[in-house]
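Undergrad: Sharing a structure, written as structure tokens. Questions coming.
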Amino acid sequence: MNTKKIITGEDYLQSLRGRNLQVYLMGERVIEPVDHPMLRPSANAMAKTYDLALQEPELASVISPMTGKMVNRFLHIANNVEEVVMQNQMQRRLGQLTGTCFQRCVGMDAINALFSVTYEIDMKHDTPYHARLKQFIAEMQMNNYVIGGAMTDVKGDRSKSPSGQADPDLFVHVSRRTKEGVYIRGAKAHQTGCINSHWLIVMPTQRLAPEEVDYAIVGALPVDAPGITYILGRQSCDTRSLEGGEIDLGNAAFSGLEALVVFEDAFIPNEMIFMNGETEFAAMLVERFTSFHRRSYVCKSGVGDVLIGAAATIAEYNGVERASHIRDKLVEMTHLNETIYATGIAASYQSHATPSGAFQCDELLANVCKQQVTRITYEMARLAQDLAGGLLVTLPSEADFRSHEVGPLLEKYLKGREDVPAEYRIRILRLIENLTLGRNAVGYLTESLHGAGSPQAQRIQIQRQMDLEFKQQLAKRLAGIEQVES
Ligand code: SF4
Ligand code: FE
């Protein structure tokens, strides 16, 4: 790993080089992912988390009580309500600036959840996890590293538990124990930003049975540790980055990134282990992490701001911005978008202190936020496509637009308003395509559906928290049933 102190986005991009990762994309090994045209936009999005900390320090930086120094908010443990809320404000801003998934929240949510869980494991078992975690976080803060949180196992046969699978590797588990640490095997799916990170924290993905001790492992590994292979997902329209132009990309600078991460006896030394066999704490960790991460999906309201802006711009370029039904659709999009933000930020405002002193967001509201995200982004995309018109999907390529033969024809016939060049109209349509059908629809739509847990996972948590008994009592009292019953 490059050892120069990482301060700017440019330092960060440089820090990713020379790591000799086992990265595969479309059947080929990629030696320098950051310099690959299909992958660079995802590193650019992560780099924005560094630049924002410099450009808007009140939003994205904070003094760490661990080091006494100003650190990136993504590496900070929230110690009060205000700091949990600020995470959301920073996320919305980054969504606005990148129009995609900027990937760094998984690590922030993982260390914040682990901070309180390790404290509670230690209280019960007299283990050393909390002090180790604090040491690890301080080191990450001092070096300004990116941490990737790796929770989602591939899961195999969904009707079977981790220990009931035909192949034990379908859930990440300890394959061998030595005096110095543990070796792990298995794979984590959909790992956001993994190769753009410096460290990974592996965590169990679900509640575990008492005998599933080998699956109750939480630990940190450098991304370039031996025994880790990254097989990158390909995204809708991603090879447009290889074509040489930039208009057809819609958002040439930024994208998200996911991969299947395979661990083949990768080693975690003792000092990087934060849970080792305490099966009864797996569910608590999953619930705290997913609560944080589900309200982190206010990132989509930042991306939604971009989509609303694009929809309003295409309406303007088409000369219809004053039509009342157009304005009404923009009002509807704004109402939907703010509903995502409102539920997320409410979950953060209703944070409570854990025994460790770290604050934890409200679980019910966090799940309501994510449930909204699973639906609202699709309706927003529908409205944006409605405003865009069919040209969104019948538009010729940038190469045609640049061609001597047909370019002038497109310039003439693809013009909307007289004073707006056809190229502007094409660019904004391509951005809407990027967000609703193309590369960043991966993050804006399907990740909104399945990221941080699929919709049913939120419904289960909402069901657990809905407290029907209390609500029935309220109803019965007003209906006079209580007096009759007693
Ligand atoms: Fe952050 Fe949103 Fe990406 Fe999750 S989907 S890592 S919350 S930007
Ligand atoms: Fe995600």
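Undergrad: How many of the residues making up the stretch 1-25 are at pLDDT 95 or above and touching a strand residue (DSSP E or B) at 6+ places or on another chain (Cβ under 8 Å)?
TA: Going residue by residue through the stretch 1-25, those that are at pLDDT 95 or above are 6-25.
Filter once more, keeping what is touching a strand residue (DSSP E or B) at 6+ places or on another chain (Cβ under 8 Å): 21-25.
Going through the stretch 1-25 one residue at a time, the tally reaches 5.
Undergrad: Can you tell me how many residues within the stretch 253-276 are surrounded by 18 or more Cβ atoms within 10 Å (Cβ to Cβ) and either out of contact with any Pro (no Cβ under 6 Å at 6 or more places or on another chain) or not hydroxyl-bearing (S, T, Y) (or both)?
TA: Looking only at the stretch 253-276, we keep the residues that are surrounded by 18 or more Cβ atoms within 10 Å (Cβ to Cβ), and these are 254-259, 261-263, 266-268, 272-276.
When the remaining residues are screened for being either out of contact with any Pro (no Cβ under 6 Å at 6 or more places or on another chain) or not hydroxyl-bearing (S, T, Y) (or both), the result is 254, 256-259, 261-263, 266-268, 272-276.
Within the stretch 253-276, residues that are surrounded by 18 or more Cβ atoms within 10 Å (Cβ to Cβ) and either out of contact with any Pro (no Cβ under 6 Å at 6 or more places or on another chain) or not hydroxyl-bearing (S, T, Y) (or both) number 16.
Undergrad: Please give the number of the condition G233 fails out of (1) in contact with a His (Cβ under 9 Å, 6 or more places away or on another chain); (2) buried (at least 17 other Cβ atoms within 10 Å of the Cβ).
TA: Checking G233 against (1) in contact with a His (Cβ under 9 Å, 6 or more places away or on another chain); (2) buried (at least 17 other Cβ atoms within 10 Å of the Cβ), the one that fails is (2).
Undergrad: Show me the strands (runs of 3 or more DSSP E) found entirely inside the stretch 222-302 where at least 2 residues are over 18 Å from the mean Cα position of the chain (by Cα) and over 19 Å from A43 (Cα atoms). Break it down into steps so the answer makes sense when it comes.
TA: Details: elements: 228-232, 259-269, 273-276.
In the stretch 222-302, 259-269, 273-276 are the strands (runs of 3 or more DSSP E) which contain 2 or more residues that are over 18 Å from the mean Cα position of the chain (by Cα) and over 19 Å from A43 (Cα atoms).
Undergrad: Has the stretch 324-346 got at least one residue that is over 17 Å from the mean Cα position of the chain (by Cα), surrounded by fewer than 18 Cβ atoms within 10 Å (Cβ to Cβ) and basic (K, R)?
TA: Yes - at least one qualifying residue is present in the stretch 324-346.
Undergrad: Does at least one position in the stretch 439-458 carry a residue that is more than 16 Å from ligand 1 (Cβ to nearest atom), outside the structural domain of L97 (by TED's automatic domain parsing) and touching a residue at least 12 places away in the same chain (Cβ under 8 Å)?
TA: Of the stretch 439-458, the ones more than 16 Å from ligand 1 (Cβ to nearest atom) are 456.
Checking the rest, the ones that are also outside the structural domain of L97 (by TED's automatic domain parsing) come to 456.
When the remaining residues are screened for being touching a residue at least 12 places away in the same chain (Cβ under 8 Å), the result is none.
So far as the stretch 439-458 goes, no, none of its residues is more than 16 Å from ligand 1 (Cβ to nearest atom), outside the structural domain of L97 (by TED's automatic domain parsing) and touching a residue at least 12 places away in the same chain (Cβ under 8 Å).
Undergrad: Take the residues in the stretch 424-478 that are among the polar types (S, T, N, Q) and either within 16 Å of ligand 2 (Cβ to nearest atom) or touching a strand residue (DSSP E or B) at 6+ places or on another chain (Cβ under 8 Å) (or both), then tell me which one is nearest to V368 (Cα to Cα). Steps first, please.
TA: From the stretch 424-478, those among the polar types (S, T, N, Q) are 434, 436, 440, 446, 448, 454, 456, 458, 461, 463, 465, 472-473; that's our starting set.
From what's left, either within 16 Å of ligand 2 (Cβ to nearest atom) or touching a strand residue (DSSP E or B) at 6+ places or on another chain (Cβ under 8 Å) (or both): 440, 446, 448, 454, 458.
On the way: N440: 24, T446: 18, S448: 13, S454: 13, Q458: 7 Å.
Restricting to residues being among the polar types (S, T, N, Q) and either within 16 Å of ligand 2 (Cβ to nearest atom) or touching a strand residue (DSSP E or B) at 6+ places or on another chain (Cβ under 8 Å) (or both), the top hit is Q458.
Undergrad: Just to be sure I understand the filter: pairs with C-beta atoms under 7 Å, separated by 6 or more residues or on different chains, first member in the stretch 147-168 and charged (D, E, K, R), second member in a helix (DSSP H, G or I). Which pairs pass?
TA: Taking only residues 6 or more apart or on different chains, the pairs are D153/L170; K155/L170.
Undergrad: If you don't mind, another one. Determine which single condition V84 fails, assuming it passes every other condition in (1) closer than 21 Å to P222 by Cα; (2) more than 16 Å from ligand 2 (Cβ to nearest atom); (3) assigned to a helix (DSSP H, G or I); (4) among the β-branched types (V, I, T).
TA: (1) is the only condition that V84 fails.
Undergrad: So how many residues does the stretch 93-119 have that are outside any loop (DSSP other than H, G, I, E, B) and within 10 Å of ligand 1 (Cβ to nearest atom)? I'd like the intermediate steps shown before the answer.
TA: Applying the first criterion (outside any loop (DSSP other than H, G, I, E, B)) to the stretch 93-119 yields 93-98, 105-119.
Pick out the ones that are also within 10 Å of ligand 1 (Cβ to nearest atom) and you get 94-95, 98, 105-109.
The qualifying residues number 8.
Undergrad: Further, regarding this structure: Tally the residues that are surrounded by fewer than 22 Cβ atoms within 10 Å (Cβ to Cβ) and within 20 Å of Y50 (Cβ to Cβ), restricting the search to the stretch 200-227.
TA: Number of matching residues: 2.
Undergrad: I would also like to ask the following. Failed condition for I77, given (1) surrounded by fewer than 23 Cβ atoms within 10 Å (Cβ to Cβ); (2) part of a loop (DSSP other than H, G, I, E, B), with all others met?
TA: (1)
Undergrad: Kindly indicate the residue of the stretch 416-434 that is within 13 Å of N318 (Cβ to Cβ) and within 32 Å of the chain's Cα centre (by Cα) and also surrounded by the fewest Cβ atoms within 10 Å (Cβ to Cβ) among those meeting that condition.
TA: If we take residues in the stretch 416-434 being within 13 Å of N318 (Cβ to Cβ) and within 32 Å of the chain's Cα centre (by Cα), then Y424 is surrounded by the fewest Cβ atoms within 10 Å (Cβ to Cβ).
The values are calculated or read from the model by the stated rules, or taken from the named source; none is laboratory data. No experiment lies behind these values; they were computed from the predicted model shown. Counting neighbours? That spans all protein chains shown, and the Cβs are built from the backbone with ideal geometry, glycine included.
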